[in-house]
Amino acid sequence: MNILLRITSYTLKFKLYLILGYICTVGAVISYLLIPELLGGIVDRIDPNSTNESIYKSLNLTFLLIILFSLGCTRGAFSYGQNYYGEALSFKVSKVLRDQLYDKTQKLDFYFHDKTHTGEMMSRVIVDIEGIRMFIPMGIVRSPYVFLMFFGSITLLLIKNFELAIYACSFLVLSGFLAARMRLKLRQIWLKVQEKNAELNALLQENLNGIKVVKAFYAESHQINKFSNTNEEFKELNINVENFRAITMTTVLFAYWATLALILAIGGLKVINGEMSIGDLISFMFYMQLLAMPVRMIGWLLNASTRGSTCGKRIFEVLDTKPQITNPSNANTNFYKMKGEIIFKNVSHQFPDAKSESVKDVNLSIKKNQSISITGEAGSGKSTLVQLLLRFYDPSNGAIYIDGKNIKDIDLGILRKNIGYVHQDVFIFNETFKNNICYGNPAASMDKIIEAAQIAQIHEYINSLPDKYNSLISENGANLSGGQKQRLSIARTLLLDPPILILDDSTSSVDASTEKDIQKAINKLISGRTVITIAHKLNNFQQSSNIAVMNKGEITEYGSHDHLINLNGIYKNIYELQTTN
Ligand SMILES: Nc1ncnc2c1ncn2[C@@H]1O[C@H](COP(=O)(O)OP(=O)(O)OP(=O)(O)O)[C@@H](O)[C@H]1O
Ligand SMILES: [Mg+2]
């Protein structure tokens, strides 16, 4: 569907505002068009030498002035209504669009988020939606105003004086040509402006997120230059838009005033020769003035519509993206606790733009309440493998079963609520400790929250703070150490009490003694759940009955610690390196 039509279809959700907006538009046009006619009539009524034998001659002057005054007031009231309903409608539509966009970003999967820059997404949510919003009062509510004013004034000009009206139209030809050229040119510039804006946002967001790296590498000036260059290009493009618009509009205005002078000269002669009354000339000049208004507005209209369509294109692109990970339509949506028996059957996965598979033909069976460990070099596919279990991605081959059921047939919400995943990259919300821990279960009691924090070895630290569990954590845990963040994220997952627990390198940032404490506490928790622990450090593996070693996406070694040592392979190699160190 055409983008502008699609934006228009959103306004139909608020028909009352649209209808009231149009009623005010028509009212404003009619009262506006009546004013010059009445003005001319009043001038002729006042002029004792006027030869114009119109009805105004016979009417009371005070009465005519009262009508003129009332028309002025009516026009004002209708203009107010037109502005109010147009703007209110635009804010209502932009709210719907912003909600839809936010909703979509929450529902879109990692195939989308992995390739979309956060800053660019923010630019879409804020700047592009504003571009669409601004199109609504101008392009949708006011366009009939421009259209009616234009044709209304031309018609009345032709009725008033055909010959003068033909001269008046000469400037329209030039204006029309300029307007068409402007639309073509603005389309290209606006697209570039929006792209540059998104780039600027992305740069800003990345820079602020990575400020520690920037400072550590003393790279402030490099970042400042990078930002300044893009900022400069953004400024130039915006100046280009305004410059182009100003040149076009000035030329249009020049043509208008030149035509007006011509009309005054010819019309003045007609008045002197008695071919036209002075009142008619005044009416004519006012209609010219009214005609200039829609012509000038065409410029704004074109600007708003080209901007609206480029912004709309970027918004609808996201709204039309179909998630690759979909929720099965006929799955049971009533929460139930899984037993936790997991089977990976010939599972392979390749990321969209990757050259090779990140997970290759994995067969792995984990019994209910069993605890297994996965190790392997960085990039060997450990995290990808467990993320397939959560359906962050779907296998390109093979299938994963929990309790005998293909996970693609399980409701996504139920699947993910049954799996507690302590992510390798910890994310902490800019909230209190309490809210961070009970994120997955806001109804949890304070006792449960404290219990989870105790197991994760973070309770003592939280308790030492002045506001205890109500202390606020800075954005992404800036006021916490790496180990504290990891422990907080463990507590958050433990609170869910999930039948399947995945710990992805969760103790990499804690010291050896805390790690031992957490491990001990987790060992107590292990009973009654299926646990997958991913780790580089092998010191805790000796007790683990089953260890899988991954290499380039494949599970190359599998078995107990002693078995793997006897295999004399990768595991033994890593183990010896770690123990001799
Ligand atoms: N979102 C992604 N898009 C494309 N490729 C990815 C993505 N995530 C991971 N990869 C690639 O897939 C491979 C496996 O990555 P994965 O994160 O599973 O490794 P890992 O074994 O968990 O490593 P580490 O021990 O460092 O955490 C790597 O080559 C990585 O570059
Ligand atoms: Mg990983």
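Table for the structure above
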| read-out | value |
| --- | --- |
| Cβ pairs under 6 Å, 6+ apart, first in the stretch 370-382 and over 15 Å from Thr533 (Cβ atoms), second more than 8 Å from ligand 2 (Cβ to nearest atom) and outside any strand (DSSP E or B) | Gly381/Ser358; Gly381/Gly553 |
| Residue ID - nearest to the chain's Cα centre (by Cα), chosen from residues in the stretch 157-177 that are buried (at least 19 other Cβ atoms within 10 Å of the Cβ) and closer than 23 Å to Trp300 by Cβ | Ser175 |
| Candidate set from the stretch 74-114 (those that are part of a helix (DSSP H, G or I) and of a type in the set (Asp, Glu)); member that is farthest from the chain's Cα centre (by Cα) | Glu87 |
| Residues located in the stretch 460-490, provided they are hydrophobic (A, V, I, L, M, F, W, C) and out of contact with any Asp or Glu (no Cβ under 9 Å at 6 or more places or on another chain) | Ile462, Leu465, Ala478, Leu480, Leu488, Ile490 |
| Options Phe227, Phe150, Phe135, Phe217: the member that is loosely packed, with under 14 Cβ neighbours inside 10 Å and either over 26 Å from Gly299 (Cβ atoms) or not polar (S, T, N, Q) (or both) | Phe217 |
| Gln457 vs. criteria in the same structural domain as Ile366 (by TED's automatic domain parsing), touching a helix residue (DSSP H, G or I) at 6+ places or on another chain (Cβ under 9 Å), assigned to a loop (DSSP other than H, G, I, E, B) and more than 16 Å from ligand 1 (Cβ to nearest atom) | yes |
| Sole exception among (1) hydrophobic (A, V, I, L, M, F, W, C); (2) buried (at least 21 other Cβ atoms within 10 Å of the Cβ); (3) away from ligand 1 (no atom under 16 Å from the Cβ); (4) within 29 Å of Asp505 (Cα to Cα) for Cys311, by number | (4) |
| Condition broken by Glu195, with the remaining ones in (1) touching a residue at least 24 places away in the same chain (Cβ under 8 Å); (2) crowded, with 16+ Cβ neighbours inside 10 Å; (3) not aromatic (Phe, Trp, Tyr) satisfied | (1) |
| Condition broken by Thr326, with the remaining ones in (1) in contact (Cβ under 8 Å) with a residue 24 or more places away in the chain; (2) more than 16 Å from ligand 1 (Cβ to nearest atom); (3) outside the structural domain of Phe135 (by TED's automatic domain parsing) satisfied | (1) |
| Pairs where the first residue, in the stretch 564-581, is modelled with pLDDT under 85 and the second is among the basic types (Lys, Arg) and surrounded by 12 or more Cβ atoms within 10 Å (Cβ to Cβ), C-beta under 7 Å, 6+ apart | Gln578/Lys537 |
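The values are calculated or read from the model by the stated rules, or taken from the named source; none is laboratory data. Just so it is clear, the model here is predicted, and its values are computed rather than measured. No Cβ is skipped: glycine too gets one built from the backbone with ideal geometry, and neighbour counts run over all protein chains shown.
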